[in-house]
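Undergrad: Provided herewith is a single structure, encoded as structure tokens, for subsequent inquiry.
Bear in mind that the values in this text are calculations on the coordinates, not laboratory data. Because the structure is predicted, anything quoted here is derived from the model rather than measured. With ideal geometry, Cβ positions are generated from the backbone for all residues, glycine too; neighbour counts draw on all protein chains shown.
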Amino acid sequence: MDAVRARRLEAAADERFAIESGVARFTVRLDELFDISLRHIEKMAEIGMDTQRDRGELNRLLSERAEELSGRISLALVRTEALEARLKKIPDDAEASTLLIASLKSLNTNTASMGTTLDLMDQLELDTDAYRSQLVTTTRDFSSSLLNTGVAVGLVSRTIDGITGWMVDSGPTVLLKLLIFFGILFAFRFVTRIVRVGLEKALDASDLNLSQLARRMIVTWTSNLVMIFGVMLALSQLGISLGPLLAGLGVAGFIVGFALQDTLGNFASGVMILIYRPYDTGDLIDVGGVFGKVDKMNLVSTSMLTLDNQTIVVPNSKIWGDVIKNVTAQKVRRVDMVFGISYSDDIPKAEAIFEDILKTHDKVLDDPEPMVRLHTLGSSSVDFVVRPWSKAEDYWDVYWDVTRSVKLRFDEEGVSIPFPQRDVHVYNENSLAPTTK
């Protein structure tokens, strides 16, 4: 077996597995020889022969065998880890792949032989706890060994020693990396606040005619990008590769995007609203069957307050795909009103009353000039259109004040405001002529 192992040092990579197979065959025969020796000693004891010397010799050989296998297992583990690291750097390394297969073969041979050797040592009542702990750690087979108190204690001890060794060797480095990680996050959080405040002041001082949504999105996205860059920089200090992370985020983004198609539609509509600015915060609009004042805006939805102070959230896709009516987009609005007088009333007198009311009202604009015109001859009244102009914020004040003033002045001047009337004819069955009431 030693001769076969010696050949392994000078053999090519593609010959290693065959050599390890030969070593495995010799190892099995050696284990069988130890087992036969123990059975022979037991038979000798049964017939009354003195087996003390033979038993002591077998104890020595098995202990040496266990010690040798322990070293070979440790060596095989080191060799295997080195080859796996080599393949991780160069996945297409055929030589490393072949050597790894041979190394795993050697590791399996030695662990199997160790298991057989320890079983024989247990029968001879030898201490095997330390070797059992190593075997369990290597093979990850905890099913039966944990029932052995000594093995369990040994495993715990090895684990504690491993953790302690890691803390001594790598603890300071990891602690320093964590301090750098949190330091970078704290610094970029501070930088993000400065960027946010600076952008807000810059946009306030600039002449750019941006909507509130555009201003908020510029500030939010810029500050978020700065923070994302800080997080990526902090993760790189921990040794985390950002390439696979970004690739994973891309795949996750595709899946989430496919699942949230409606939300993405709202987002796209929000971008169009951001670009074309059909309305802004504070405007009075009529969209998606809702009439109210724009309270909040984002790229997904628009929050509106109705005139009776109800909050309604409308998805942006409902708004952009429909007619948008912005009532307060213009600074000046025309107030359209219609008033009727009786056919028997004086038309020039009524016109003079309308013109006087509009001329004396402080919120009616002189330019554009108000308009008073006789519009239609209705079924029961002569109708005038009265169209003053006012600032957008004064629209309803003008509407209500003029309507009230017209009624009061008509009452003072004796001008009547007719209402629909009907003549009812009652026919007598005994008379051909109708009776009118």
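Undergrad: Using the basic label-point model (7 angstrom from Cα toward the beta carbon), what is the ALA85 to ASN326 distance in nanometres?
TA: In this crude spin-label approximation the distance works out to 6.5 nm.
Undergrad: For ALA187 and LYS407, what does the FRET efficiency come to when R0 = 60 Å and r is the distance between their Cβ atoms, rounded to the nearest 0.05?
TA: 0.30
Undergrad: If you take every residue apart from ILE194 with its C-beta less than 14 Å away from the C-beta of ILE194, what net charge results, scoring Lys and Arg +1 and Asp and Glu -1?
TA: +3
Undergrad: Moving on. Taking H as built 1.01 Å from N, whose amide H comes closer than 5 Å to the amide H of GLY340, not counting residues under 5 places away?
TA: Result for GLY340 returns PHE384.
Undergrad: While we're looking at this one, here's another question. Relative to a virtual label point 7 Å from the Cα of ILE417 in the Cα→beta-carbon direction, which members of region 341-372 show backbone nitrogen distances below 12 Å?
TA: Of the residues in region 341-372, 341-342 have backbone N under 12 Å from the label point off ILE417.
Undergrad: Turning to a different aspect of this structure: Tell me the label-point distance for the pair GLU95, GLU355, using the 7 Å Cα-to-Cβ offset, in nm and rounded to one decimal.
TA: It works out to 10.9 nm between the two label points.
Undergrad: Follow-up question, since we're still on this one. Given the pairs LYS296/LYS318; LYS325/LYS407; LYS363/LYS407; LYS318/LYS391; LYS359/LYS391, which are separated by over 21 angstrom at their Cα positions?
TA: Over 21 Å apart, Cα to Cα: LYS325/LYS407; LYS318/LYS391.
Undergrad: Could I ask something else about it? Non-local amide H neighbours of THR302 (under 5 Å, H modeled in plane, Pro and chain starts lacking H): which ones?
TA: It is VAL314, ASN316, by chain and number.
Undergrad: Below 12 Å, Cα to Cα, which aspartates and glutamates can LYS105 reach? Residues fewer than 8 away in the same chain don't count.
TA: Here the aspartates and glutamates satisfying the reach criterion relative to LYS105 are GLU20.
Undergrad: Another question, if that's okay. Neighbour counts of other C-beta atoms within 10 Å: give me ILE341, ILE275, ILE218 arranged from fewest to most.
TA: ILE275, ILE218, ILE341
Undergrad: Read phi for every residue in region 381-398 and hand back ³J(HN,Hα) as whole Hz from Karplus 6.51 cos²θ - 1.76 cosθ + 1.60, θ = phi - 60°, with x for Gly and Pro.
TA: Result, rounded to whole Hz: 7, 9, 9, 10, 9, 10, 10, x, 10, 8, 5, 4, 6, 9, 3, 6, 4, 5.
Undergrad: Could you please state, rounded to a whole Å, how far the C-alpha centre of region 390-420 is from the C-alpha centre of region 298-335?
TA: Their Cα centres are 29 Å away from one another.
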